[in-house]
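Notes follow the structure.
The values are calculated or read from the model by the stated rules, or taken from the named source; none is laboratory data. This is a predicted model, so every value here is computed, not measured. A quick note on method: Cβ atoms are made from the backbone with ideal geometry, for glycine too, and the neighbour counts reach across all protein chains shown. The area values use the complete protein model at the heavy-atom level, side chains included, leaving out ligands, DNA and RNA. Shrake-Rupley method; radii C 1.70, N 1.55, O 1.52, S 1.80 Å.
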Amino acid sequence: EPLTGDGPEWTMDIQELKEALIDRREKELGLSYEELARRAVAEYEAFAPRVLSWHDFQFLTFWFFGGVKKGASRKSGGTQNYFGKNEQSEMFAPRPFFEHAAQLIVDRLGAMHPIPLTYFCWTFTRAGVHVRWFMDALGDHFCEGHIPMCDRCSLGTMLWNFGKQRMQHDQFFEDAATELVRPNRIRSLAPRNYQNTILAYSWMRHSHTRSLHALLSGMRRVLDEHDPPGPKLERELLFAYTCKDGSEVLADSFRINSLVTILRALRPITAPSAAMEGCLESMVDYVHRSARDSPKWMREQSDACKFLLELAAYLEQHGLDAARYLARADFQLLCRNALPRDVGDLRASLDRLGIEHPL
């Protein structure tokens, strides 16, 4: 039965609720967190997703304040990163809202599609509201045959939710790994999905060899075929996101910094293999092409130098032939404008590996 209610929580529109919460005017306007939670769950239960990401959900999520200032239009919301290394609870409604929402969601599991459920859970994760019984219930629910209903972003994001919260749910990770080895699933993944998924398995130290090899092979295809390495992936390489209004958003390409993050995450969970070594070769080639041809705004200072540092750390830890990956590296290109401390760290790593270099 659909959720309904009375009062200002239901008569105010999404933007008005968002602004009221930003200004902390709940008491003045007579808003209760319990009823706000009911409105939030009702909005997400009623939303029928297509193949999409945050592009549509951000306009429903009045309890998240990213990108919206008082008086701004709905379109002012964006996909920029509002978070540093830690969650930022000031970007969300207070904890009591989430406590009411958690109980209501669990009581009504099955009423909300797995994709909206994932993004609702994402707001818990980012707000720093980590509730064991809630995550256990969600993990059990997804394992009841709902994982294949996730689109490419929601599957990786749900794994990321568990990993970011350091909440163990072995069965969910195993069932997700089984889904990830399907060829159609792997071919659908965008760079952000690879990063979220690999981070989650690394954080939880949950190794699943077959799915990791599938992820590495899929990454290699996207890295090799995206040439020149511009900011968006071609439709022929990866289908675009389709928003509720029918508009399309092309998937973002790999950035060098994302490869740094992925390689660092792979180090503790991925032993050398043909899939890993082939992916390393593709990463090295892509980083060179990106350093040479990508727009400057796709880059960050020291990104390519930091990639070389992570590559050297992986090679050293696993005893691989460093010359295979580094002997022909263009160090001057990759370390151009890098921070002196990063260049110094790389110099020391290369010396330990016995790689000649001009640094």
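Compute the acute angle (0 to 90°) between the alpha-carbon long axis of helix 340-353 and the principal axis of greatest extent of the alpha-carbon atoms of the chain; round to the nearest 10°.
50 degrees
Over the chain, give the accessible area per residue in Å² for a 1.4 Å probe, as an integer.
On the way: 15880 Å² over 359 residues.
Dividing the accessible area of the chain by its residue count gives 44 Å².
Please turn the phi angles of region 326-335 into ³J(HN,Hα) values with the Karplus equation 6.51 cos²θ - 1.76 cosθ + 1.60 (θ = phi - 60°), one per residue in order, whole Hz, x for glycine and proline.
Going residue by residue, I get 10, 4, 9, 5, 8, 5, 5, 5, 6, 9 Hz, with x marking Gly and Pro.
Subtracting the Cα-Cα distance from 0.36 nm times the residue separation, let me have the gained length for LYS27 to ASP224 in nm, one decimal.
Numbers: separation 197, 0.36 × 197 = 70.92 nm, distance 5.56 nm.
Answer, rounded to one decimal: 65.4 nm.
Expressed as a whole percentage, what fraction of the accessible surface of the chain belongs to carbon and sulfur atoms when a 1.4 Å probe is rolled over the protein heavy atoms? Intermediate results must be reported in sequence, preceding the final value.
On the way: 7470 of 15880 Å².
Carbon and sulfur atoms account for 47 percent of the accessible area of the chain.
Which pairs in the list LYS164/LYS306; LYS232/LYS296; LYS164/LYS244 are over 26 Å apart, alpha-carbon to alpha-carbon? Spell out each step's value before the answer.
Values: LYS164/LYS306 23 Å; LYS232/LYS296 14 Å; LYS164/LYS244 28 Å.
As for pairs spanning more than 26 Å Cα to Cα, those are LYS164/LYS244.
Of the options HIS208, THR242, SER188, report the single residue whose Cα projects farthest towards the positive end of the charge dipole of region 176-266 (beta-carbon charges: Lys, Arg +1; Asp, Glu -1).
Towards the positive end, the residue furthest out is HIS208.
In whole Å and largest first, what semi-axes does the C-alpha gyration tensor of region 126-236 yield when each eigenvalue is scaled by 5 and square-rooted?
Working: eigenvalues 134, 43, 32 Å².
Computed over region 126-236, the values are 26, 15, 13 Å.
Got a number for the accessible area of VAL249? Probe 1.4 Å, square angstrom, nearest 10.
Ignoring ligands and nucleic acids, VAL249 comes out at about 40 Å².
Can you give me the solvent accessible area of MET298 with a 1.4 Å probe, rounded to the nearest 10 Å²?
10 Å²
Does anyone have the angle between helix 274-293 and the longest principal axis of the chain? Alpha-carbon axes, 0 to 90°, nearest 10?
Result, in degrees: 90.
In the set (i) 70, 68, 38; (ii) 72, 42, 36; (iii) 110, 70, 51, which value of Cα extents along the principal axes in Å was calculated from the structure you see?
Entry (ii).
Rounded to the nearest 20 debye, what is the charge dipole size of region 102-156 about its Cα centre when +1 sits on each Lys and Arg Cβ and -1 on each Asp and Glu Cβ? Can you show the working numbers first?
Numbers: 4 positive and 5 negative charges, 41 e Å.
The dipole of region 102-156 has a size of about 200 debye.
Rank these residues by their accessible area, most exposed first, probe 1.4 Å: THR4, THR157. Walk me through the intermediate numbers first.
Working: THR4 95, THR157 15 Å².
Order by accessible area, largest first: THR4, THR157.
Only four residue types carry charge here, +1 at the Cβ of Lys and Arg and -1 at the Cβ of Asp and Glu. Report the dipole size of the chain about the Cα centre in Debye, rounded to the nearest 20. Display every interim value, and only then the final one.
Numbers: 44 positive and 48 negative charges, 186 e Å.
My answer is approximately 900 debye.
Can you check what the net charge comes to around ARG255, using other residues whose Cβ is under 11 Å from the Cβ of ARG255 (Lys, Arg +1; Asp, Glu -1)? Spell out each step's value before the answer.
Working: positive: ARG192, ARG299; negative: ASP252, GLU300, ASP303.
For residues surrounding ARG255, the net value is -1.
Tell me, in nm to one decimal, what length is gained between GLU1 and HIS318 on full extension, where the rule is 0.36 nm per residue of separation less the Cα-Cα distance? Don't skip to the end; give the middle numbers.
Numbers: separation 317, 0.36 × 317 = 114.12 nm, distance 5.56 nm.
Result: 108.6 nm gained on full extension.
Hey, what angle do you get for helix 33-46 against the long axis of the chain, alpha-carbon based, 0 to 90 degrees rounded to 10?
70 degrees
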